[in-house]
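The values are calculated or read from the model by the stated rules, or taken from the named source; none is laboratory data. None of these values were measured; they are calculated from a predicted model. A quick note on method: Cβ atoms are made from the backbone with ideal geometry, for glycine too, and the neighbour counts reach across all protein chains shown. For accessibility, only protein heavy atoms count, side chains too; no ligands or nucleic acids. Shrake-Rupley method; radii C 1.70, N 1.55, O 1.52, S 1.80 Å.
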Amino acid sequence: ATHYLGGENFVFWGGREGYQSLLNTDMERELNHLAKFFEAAVAYKKKIGFNGTLLIEPKPQEPTKHQYDWDAATTSNFLRKYGLIGEFKLNIECNHATLSGHSCHHELETARINGLLGNIDANTGDPQVGWDTDQFLVDIQEATMIMLSVVRNGGIAPGGFNFDAKLRRESTDVEDLFIAHIIGMDTMARGLKNVAKLVEDGALAELVRKRYQSFDTEIGAQIEAGKADFDFLEKKVKEWGKPKVASAKQELAEMILQSAL
């Protein structure tokens with residue numbers, strides 16, 4: 001149906017691909033079965049000539065106790081183990097990130113550094129509620145962090161943003177649906193403008209560069225290249241003495257972010 005309608009992406013939501021109890025579950029076999037299902041989906045995609053992106057949407061639980069695509073890292077490992085990296089990307093939902101104990105920015109960065117960031121469900125949740133409430137995103141800071149990952153990724157086309165979101169239970173007017181979409185889009189736009197400020201200012205990038213500048217020295221480059229073993233490093237420690245630990249400047253980083261907001 002997606003191919004017939006000219007769609008560019010197809011999302012697999014694994015909301016029931018998991019277990020309630022390991023006592024009656026062969027988890028290894030179920031994971032193997034899940035991999036076979038995805039392999040068949042790839043084969044069918046190629047058979048019908050669909051050139052769009054196949055996406056998996058990580059979700060930790062609800063309705064099952066533990067789902068096999070718990071978060072971006074778990075799903076990345078699954079795809080890598082079964083040789084499916086390159087056939088799939090991830091559709092990250094911010095509310096699912098919260099349920100898995102992460103921030104949305106963490107999930108986006110995990111997907112990005114694994115080359116798997118493909119699409120974003122710009123939903124959020126109430127931190128005081130322990131389930132998937134699928135609310136429209138209205139937090140400017142969260143939107144800014146989301147857009148920071150998107151810009152670092154060089155965009156996410158042919159993916160994008162979608163509001164797989166719902167109104168609050170007590171929002172009973174048709175007008176509320178329009179207001180929700182407007183504030184959701186405006187929030188994302190504000191986030192992108194804030195990232196432009198951060199990039200143009202350069203202070204945050206410079207702070208990060210300075211934190212890791214010792215790895216740009218001769219010995220730091222050797223460590224990153226895997227050319228410095230423990231014996232070599234032990235000699236250097238004895239030669240140089242106890243190193244001075246530099247501050248990570250978290251407060252300054254937070255101040256720079258807030259100034260952009």
Rounded to the nearest percent, how much of the accessible area of the stretch 125-261 (1.4 Å probe, protein heavy atoms only) is carbon and sulfur?
56
With Rg and Dmax of the Cα atoms in Å in mind, check (1) 19.0, 57; (2) 21.8, 73; (3) 30.7, 101 and report the label derived from this structure.
(2)
Averaging sequence separations of C-alpha pairs under 8 Å and six or more residues apart, then dividing by the length of the stretch 135-243, give the relative contact order as a whole percent.
32
Out of the GluC sites (Glu not before Pro) in the stretch 138-201, which ones are loop residues according to DSSP with at most 12 other C-beta atoms within 10 Å?
Glu170
Surrounding net charge for Asp186, when Lys and Arg each add one and Asp and Glu each subtract one, Cβ distance under 13 Å:
+1
Using Cα pairs under 8 angstrom and six or more residues apart, how large is the relative contact order of the chain, in percent?
14
Exceeding the 22 Å Cα-Cα cut-off - candidates Lys210/Lys242; Lys227/Lys249; Lys59/Lys197
Lys227/Lys249; Lys59/Lys197
Cβ-based net charge around Phe163, under 13 Å, with every Lys or Arg adding one and every Asp or Glu removing one
-4
Over the stretch 1-151, what is the relative contact order in whole percent, taking alpha-carbon pairs under 8 Å and six or more residues apart?
21
Would you calculate a helix-derived [θ] at 222 nm for the chain, using -39,500 (n - 2.57) for each DSSP H run of n ≥ 4 and dividing by the full residue count, to the nearest 500?
-15500 deg cm²/dmol
Between their Cα atoms, which of Lys46/Lys89; Lys47/Lys81; Lys89/Lys166 are more than 20 Å away from each other?
Lys47/Lys81; Lys89/Lys166
Can you compute 3J(HN,Hα) from phi for each residue in the stretch 95-110, using the Karplus curve 6.51 cos²θ - 1.76 cosθ + 1.60 with θ = phi - 60°, rounded to whole Hz and x for Gly and Pro?
5, 5, 4, 4, 5, 8, x, 10, 8, 4, 4, 4, 5, 5, 5, 4
Mind checking Rg over Rh on the stretch 1-98, alpha carbons, Kirkwood formula for Rh?
0.98
Write down the accessible area per residue of the chain in Å², having rolled a 1.4 Å probe over the full set of protein chains.
62
What is the antiparallel percent of DSSP beta bridges lying wholly in the stretch 36-175, to the nearest 5?
15
With springs connecting C-alpha atoms under 10 Å apart, model the chain as a Gaussian network and identify which of Lys197, Lys210, Lys235 has the largest mean-square fluctuation.
Lys235
Under 25 °C and 0.890 mPa s, how fast does the stretch 68-199 diffuse according to Stokes-Einstein, given a Kirkwood radius computed over C-alpha pairs? Answer in µm²/s, whole number.
161
Determine the sum of side-chain charges near Phe37: Lys and Arg each +1, Asp and Glu each -1, restricted to other residues whose C-beta is under 14 angstrom from that of Phe37.
-1
Simple spin-label estimate for Trp131/Thr172, 7 Å along Cα→Cβ, in nm, reads 2.1
Taking the convex hull of Cα positions in the stretch 157-261, its mean projected area over all directions (nm²):
12.1
Choice from Val129, Val208, Val245 showing the highest fluctuation, given a GNM over the chain with Cα pairs closer than 10 Å:
Val245
GNM on the chain, Cα springs under 10 Å; top mean-square fluctuation among Arg169, Arg209, Arg29 goes to Arg169
